[in-house]
Amino acid sequence: MHELSLLENVRTILENHAKEQNFLCVEEITLAIGALSCVETEALAFAFDAVMKNSLAEHAQLHFKIIEAQGRCLGCGQLTVMEMLYDACQHCGHPRVDVVTGLEMKITELKVS
Ligand SMILES: [Zn+2]
């Protein structure tokens, strides 16, 4: 499952942060998820408890924030909102749009102690 390896990365990032910044426990974590990233929040929430077990984030509350996907049109050069990976430009209808945001998953907020 794709979500498991994503969360294992998150756990490694948290462990590294904890060493650098001297915290022992993650109380809350917000994951920002790109609208085109194909990550299912339900699957993530389900996998989260298993992956974080016995780690510093074992009891962390998990929140999600969906990031709207945007791309840069190769026709008119404007930014356009994308609902799907192969959406055409909303301004000029050009079929080729480079994704700028919306594929990523990252930690945006942490509450630690
Ligand atoms: Zn365009």
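Of all residues in the range 39-49, exactly one satisfies the criterion of being surrounded by 18 or more Cβ atoms within 10 Å (Cβ to Cβ) and either of a type in the set (Val, Ile, Thr) or within 16 Å of the ligand (Cβ to nearest atom) (or both), namely VAL39.
Between LEU7, LEU36, the distinction of being under 12 Å from the mean Cα position of the chain (by Cα), in a helix (DSSP H, G or I) and either surrounded by 13 or more Cβ atoms within 10 Å (Cβ to Cβ) or within 16 Å of the ligand (Cβ to nearest atom) (or both) belongs to LEU7 only.
Select from the range 65-77 the residues that are closer than 24 Å to SER5 by Cα and surrounded by fewer than 16 Cβ atoms within 10 Å (Cβ to Cβ) and write down the one among them that is farthest from the ligand (Cβ to nearest atom). This residue is LYS65. The set of residues in the range 76-106 that are touching a residue at least 24 places away in the same chain (Cβ under 8 Å) and not in a strand (DSSP E or B) comprises GLU83, MET84, LEU85, GLY102, LEU103, GLU104.
Contact list please: Cβ distance under 7 Å, first residue in the range 25-38 and farther than 13 Å from GLU83 by Cβ, second residue polar (S, T, N, Q) and part of a strand (DSSP E or B), pairs at least six apart or on different chains. The qualifying pairs are GLU27/GLN61; GLU28/GLN61; THR30/THR108; ALA32/THR108. On the stretch given as the range 78-95, residues that are within 21 Å of the chain's Cα centre (by Cα) and within 9 Å of the ligand (Cβ to nearest atom) total 1. Collect the residues in the range 50-63 that are assigned to a strand (DSSP E or B) and crowded, with 16+ Cβ neighbours inside 10 Å, keeping them in residue-number order. Answer for the range 50-63, where residues must be assigned to a strand (DSSP E or B) and crowded, with 16+ Cβ neighbours inside 10 Å: just LEU62.
Values quoted throughout were computed directly from the atomic coordinates according to the rules given, and no laboratory measurement underlies them. None of the values given here were measured: they were computed from a predicted structure. All Cβ positions, glycine included, derive from the backbone under ideal geometry; neighbour counts span all protein chains shown.
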